[in-house]
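For reference, the structure is listed below as structure tokens.
The values are calculated or read from the model by the stated rules, or taken from the named source; none is laboratory data. All figures in this text were calculated on a predicted structure; none of them were measured in a lab. Cβ placement follows ideal geometry from the backbone for every residue including glycine, while neighbour counts extend to all protein chains displayed.
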Amino acid sequence: MDRKGFLILFTGIGIGIIIGYLLAVIIVSDKNAKETVKPGFGSTVENELEKFIEQKKDELAKNPGNIQARIDLANMLFDLGRDREAAEQYVLALVKQPDNLNILSDLGVCYRRMKEPRKAVEYFNKVVEKDPQHLVAWYNIAVTSFYDLKDIKTARNALYKAMKIDPFYESAIRLKAALDAAERK
């Protein structure tokens, strides 16, 4: 492995460790509440994440064409739940990599979390147009169609395609049960 490959690998491992800390939560008990889930990031981790974000923004200010820095920034913002900012970066990244299925899929999730389900489904559909075997995109179409758009027919069709790819996908099995129950009502 050359030096550049090693640096990319090392950076990826560092980002993975930071994201691991980021995704940790602390259950805080409160006298008046049964349980409250609260993000549990120490100020050191929060500072490191903000430094990473600022570093990527600085890299992009110097070289706006640095697609990997843009994707790294978008992914970090996505993982932090800063969906509007992440979506902006993903849209810019799509200019250079319009066929990147990860970007398209993550952008769909951003739009769903921003309460824009039609736009979310539009991006999930772009994924399955490019890769008809993309299990998660089919599942996301089904979830968004069922829960957000209240379109049971589209949800059922997308779920059928997801379960055809993997009939044992647990999330799809649970969604099928919810769809079946909704249709019985």
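Side notes on the structure shown:
- Note on the range 77-104: residues that are surrounded by fewer than 20 Cβ atoms within 10 Å (Cβ to Cβ) and either at negative phi or in contact (Cβ under 8 Å) with a residue 60 or more places away in the chain (or both) amount to 17.
- Test: residue in the range 45-57 that is closer than 30 Å to W138 by Cα and either modelled with pLDDT of 50 or more or part of a strand (DSSP E or B) (or both): no
- Counted residues, the range 105-125 - those being in a helix (DSSP H, G or I) and either under 13 Å from the mean Cα position of the chain (by Cα) or hydroxyl-bearing (S, T, Y) (or both): 12
- Against the test of being farther than 30 Å from K51 by Cα and at pLDDT 95 or above, the options D151, D106 yield a single qualifying residue, D151.
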